[in-house]
Each structure stands twice: as C-alpha cells, then as structure tokens.
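Undergrad: To start, I am sharing the structure in question, which I have written as structure tokens.
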Amino acid sequence: MSAAAEGHEAQSQDILAKVHHDLNVWGFPDEPIDLGFGPVFLKTIVMTWIVMVLVIIFTVSATRNMQLKRPGKLQLMVEEMFLFLRGLAVENLGTKKANSLMFLVFSLFIYLLFSNLLGLVPTMMSPTADVNTTLGMSLSVFILAQVLGLYYKGPSYFKHFVQPFVFFLPINIVEELSKPLTHGFRIFGNIYAGEVLIAVLLGLIPITATIFGGFIASVVWLSFSIFVGFVQAFIFTMLTIVYISMSSAESH
Amino acid sequence: MGGILDSLNINQTLVAQVFNFVILLIFLRIVVYPHIVRVLDERQNYIENSVTAAEEERKQAEDLRQQYLAEMQKSKDEARDIIQKASKAGEEQAREIIEAAKAESNRIKESALEDINREKEKAVAELREQVATLSILVASKIVSEKITADIQRGMIDEFIKEAGDLPC
C-alpha cells in the first residue's frame, strides 16, 4: 500500500520534473554556478537581462518622438502609467518628495511588471520568481527608506524606535526588519506559485484532456496570472512608496 | 545563517539582481525619465495656456456682444427718432398742404364772390340805365300822346314787365 503511494508520488514528481525538463529548452543549469564572484542562478540573471532589454525597448520607443497634442499608443500607455504612479506618490509623499523619487517608483513598477509577465511566455521565467531578485529589491528599498528617513529627519529619525516606550525597542526593530522580508516574499510567493501552477497544469494535460478540456485550465490560469502580475507589481510599488513615506514623514 | 540562506536559495544572485536593477534605474533616469517629465510638463502648460486663452476669448466675446447689443439698441432708438421726426414732418406738411388748399379755395371763393358782385353791380348799373332810358321813353310818350288812365296803367304794367324781365 505504502509502496504504491510512494510510487504514485514519485510518478507525479516525475511529471513535474519532466515538464520542467521539457520547458528548459535553453539548457539553463538548475544548480547555481560560479561566474567569478560566487554562486549565481544563471537563468535568473539571463531573464533579468531580457527584461531589462524589453523595458528599455518599450520605454525608449514610447518616449522617442513624444507628441504633445496627439500622443501615440505607446506614449499614452507610458504617460498614463506615469501619471497613475505619480498620483499615488504625491498622495503619500507630498509633491516635492514624490517628484524627486518618481523615477525610482516608475522604474520599479515597469521593471516588476515586465518581470512578472515574462514568466507567462513559454520557456521563460520571471526574475521575480527567484527569491534573490525580490529580496534584493526589497532590501534595497528598506535601506533607501532608512537613508531617506535619516536625510529628511536627521538624528531624530531614531526616536521612532523607542516609541511609545523604551522597552518597545525590540518590537520596533522586529517590525522594521519584517517589512523588507514580507515585502520581498509577497511578490516572490505569488509569482513563483503562478509559475509552478503553470508547469503543473501543463503536466496535467494528459490527465485532464478527457475530463476538463485539457489546456483550458492552463489558459484560464495564464490569463489570471497576467492580472496577478499587474497587481503584484502595483503592490510592491505601492508598499515602496508607503515605507518611504512612513520613514520620512515629518510627523511620526 | 548560511544554512538558512542556502535552504532559501539565496546567494550572490541577489547582489547581481540589485546591480542589474540599479543599472536599469540609472538608464531609465537618464534616457527615458526626462522625456516623460518634459512632455507632461509641456502638456500641462499647454492646457493651462489654452484654458487661459479660452477664458480670455470668452471674456472678449462677451464684451463684443455687449457692445453690439448697445449699438443695436442705439440704432433702434435712432431709427425710432427718425421715424417719429418723419411722421411729424409728414403731418406738418399735410397740414400745410391742407391749409394752403383751404386758403386757395377761400381765395377762389372770394374772387368768385367779387366777380358775382361786380356782375351784379354791372347789371344793376345797366338796369338803371335802361330804367332811365325807359323813363325817358315813357316821358317822351307821355309828352307825345294824351295819357289816359288806361294808358298809364298799361305803361306801368309794361314797365314792370320789362323790369321783371331783366336779369337780376
């Protein structure tokens, strides 16, 4: 009985491994390799480069020959995105700080959006489905928030660690440290789960073909993943704005 | 610590990803961002200017309208004045014409009366002359013939008849 269960489990794992193996047409190694400064995941790095190239192509072609009175479609997309994010930033940070941080917010959103959507292209992978990317960015945002807090408020920035009482210090520190962790793992979990489910649904096609119409579940999940990609990119950007505004607000 | 990081698959990829993102950030900041901000600022200025200009033109149009209305009112008043003057002048003229006609008719009537009187006087003078002639005639007849009462009667009748036949 237990042998049969183990065999079944091994079989299902084989299916997933087989799907992953079949999808890996570019031959990226699963194990981290050493490129000279330590072990890295080659696939994540290459996918990030692809995303960077796509972002650069998209934004440059959208902002080349910008029209004042009759904007093109790409230009309009970028402008609307920018205005939407600026509205959020101005609401939370105030006009002056928002304008100085707008390039970061905009770049973050468009980079995460393209990263999230790249995983939906067959054989590609979201850079955000690797915890290194998301945690790296959330740590950068964390450090940036601390630096900006110090910059805008001076030494009185440290006061909020001991509020309302001194013995709240450990709680405040834990709270502060939990921010980048949740920030990074939230988007990682969503996107990674999306990618796993894409692979699982692909692996299940031989089983579901006769019951649920095979690829329909996969298509539905892909379209939902587009939505999730937008939402997660938006949440990450929004939380970045909120963390910076919390750490740099005058009245804390 | 190292074990936790390994089990989470965290390694130097993190540093590389941060590095990649910073490169992308710098690129977008230098190449893309200024264009977007510039165009948005320009559009905002353009819209503000357009709104201001539209407001200005609306005000001007309103002024023009008021001006035109005032002028129209003025010309209406003038037209009414002119019509009133003209009708007054017309009435005046009509009265003058009527008075002139009356005067003319009076003049004609008076001259006609004068004519009549003159004719009458002429006729009376003529009658007198004839009466005198007849008297002379009667006198001569009286002188020449013996006058009887019958003759006298007849002569007077004749005289009266003759006098009655005269146009008077």
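The values are calculated or read from the model by the stated rules, or taken from the named source; none is laboratory data. The structure presented is a predicted model; accordingly, all values stated were derived computationally and were not measured. Note that we place each Cβ from the backbone using ideal geometry, even for glycine, and neighbour counts take in every protein chain shown.
Undergrad: From A:223, A:178, A:248, which residue is in contact with a Gly (Cβ under 7 Å, 6 or more places away or on another chain) and either closer than 20 Å to residue A:146 by Cα or at pLDDT 90 or above (or both)? Even if it seems obvious, please write down each step before you answer.
TA: Numbers: A:223 fails: in contact with a Gly (Cβ under 7 Å, 6 or more places away or on another chain); A:178 fails: in contact with a Gly (Cβ under 7 Å, 6 or more places away or on another chain).
So the residue among A:223, A:178, A:248 that is in contact with a Gly (Cβ under 7 Å, 6 or more places away or on another chain) and either closer than 20 Å to residue A:146 by Cα or at pLDDT 90 or above (or both) is A:248.
Undergrad: Also: Just to check your reading of the model, which residue among B:26, B:4 is in a helix (DSSP H, G or I), modelled with pLDDT under 85, under 23 Å from residue A:136 (Cβ atoms) and more than 7 Å from chain A (Cβ to nearest Cβ)?
TA: B:4
Undergrad: Shifting gears a bit: Identify, from the list B:113, B:127, the residue that is among the aliphatic types (A, V, I, L, M), at pLDDT 85 or above and touching a helix residue (DSSP H, G or I) at 6+ places or on another chain (Cβ under 8 Å).
TA: Numbers: B:113 fails: touching a helix residue (DSSP H, G or I) at 6+ places or on another chain (Cβ under 8 Å).
When all the criteria are applied, what remains is B:127.
Undergrad: If you scan the range B:29-64, which residues turn out to be hydrophobic (A, V, I, L, M, F, W, C) and either more than 10 Å from every other protein chain (Cβ to nearest Cβ) or more than 20 Å from residue A:115 (Cα to Cα) (or both)?
TA: Of all residues in the range B:29-64, those hydrophobic (A, V, I, L, M, F, W, C) come to B:30-32, B:36-37, B:39-40, B:47, B:51, B:53-54, B:61, B:64.
Correct list: B:30, B:31, B:36, B:37, B:39, B:40, B:47, B:51, B:53, B:54, B:61, B:64.
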